[in-house]
């Protein structure tokens, strides 16, 4: 998807500056709004869609539809985690399978190799705390820009601990020193689709459909200090393909997780 970065119809100087910085950050073209309709902005830039950045929102506009970035269930999952950390009352039966699998610790450095909308990255940022760091990789530049700028505008402080990079995870991992991250996470686009929330079709169109490769998993194990976590959709055929054994899960679970020890251990 050819994407152009722009602003609301009547932007403030800060919004113009933010859009210019975002365009540079993700190597995307910027087009001044200049009172024009978005269709004219997109056509004038030779693009297919626009990423409209205001002070509080990152909105993807194209094909006659608008999609405001949101982390989906990631927002509720983060709230539950923060409630637990603060000792506030929570549902004792509510579990987060991702956090159970990753067993993140305060101060951890996490690499999320398949960022998507950033739900797991956001939750991971809450788990690692102010001294931790989450690097989230997304090979789709438009999706990286949409999610990265959405996280920058998210009200929770934890979102500022996520650095979203437009990068191929296999290339990125190959360039990292051994044992340079505590946990590496993969949540590739499930090849066996199931019913998804409304609007998910745009994510599937933007996402990289390639399955997780054995080489990428090997590189992740080299980079990790503790382990690598891999998510798959039921029935877990990709975990089987990679020779991974799912962790125990709730009956009827639609998501499976596997945890693989780091090579440095």
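Would you tally the residues in the range 162-195 being under 20 Å from residue 119 (Cα atoms) and either at pLDDT 95 or above or under 17 Å from the mean Cα position of the chain (by Cα) (or both)?
Number of matching residues: 18.
For the range 223-263, what are the residues that are under 18 Å from residue 176 (Cα atoms) and surrounded by fewer than 19 Cβ atoms within 10 Å (Cβ to Cβ)?
Of everything in the range 223-263, those that are under 18 Å from residue 176 (Cα atoms) and surrounded by fewer than 19 Cβ atoms within 10 Å (Cβ to Cβ) turn out to be 225, 261, 263.
Within the range 83-101, track down each residue that is surrounded by 15 or more Cβ atoms within 10 Å (Cβ to Cβ) and more than 19 Å from the chain's Cα centre (by Cα). Lay out the reasoning, then the answer.
Residues of the range 83-101 surrounded by 15 or more Cβ atoms within 10 Å (Cβ to Cβ): 84, 96-99, 101.
Once the filter is applied, which keeps residues that are surrounded by 15 or more Cβ atoms within 10 Å (Cβ to Cβ) and more than 19 Å from the chain's Cα centre (by Cα), the range 83-101 yields only 84.
Please work out if residue 62 is over 26 Å from residue 249 (Cβ atoms), touching a strand residue (DSSP E or B) at 6+ places or on another chain (Cβ under 6 Å) and at pLDDT below 95.
The answer is yes for residue 62.
I'm trying to understand the selection: among the residues of the range 103-136, which are surrounded by fewer than 20 Cβ atoms within 10 Å (Cβ to Cβ) and either without any contact (Cβ under 8 Å) to a residue 60 or more places away in the chain or under 17 Å from residue 187 (Cβ atoms) (or both)?
103, 106, 107, 129, 130, 131, 133
The values are calculated or read from the model by the stated rules, or taken from the named source; none is laboratory data. These figures come from a predicted structure and were not determined experimentally. Quick reminder, even Gly has a Cβ in these numbers, built from the backbone with ideal geometry, and neighbours come from all protein chains shown.
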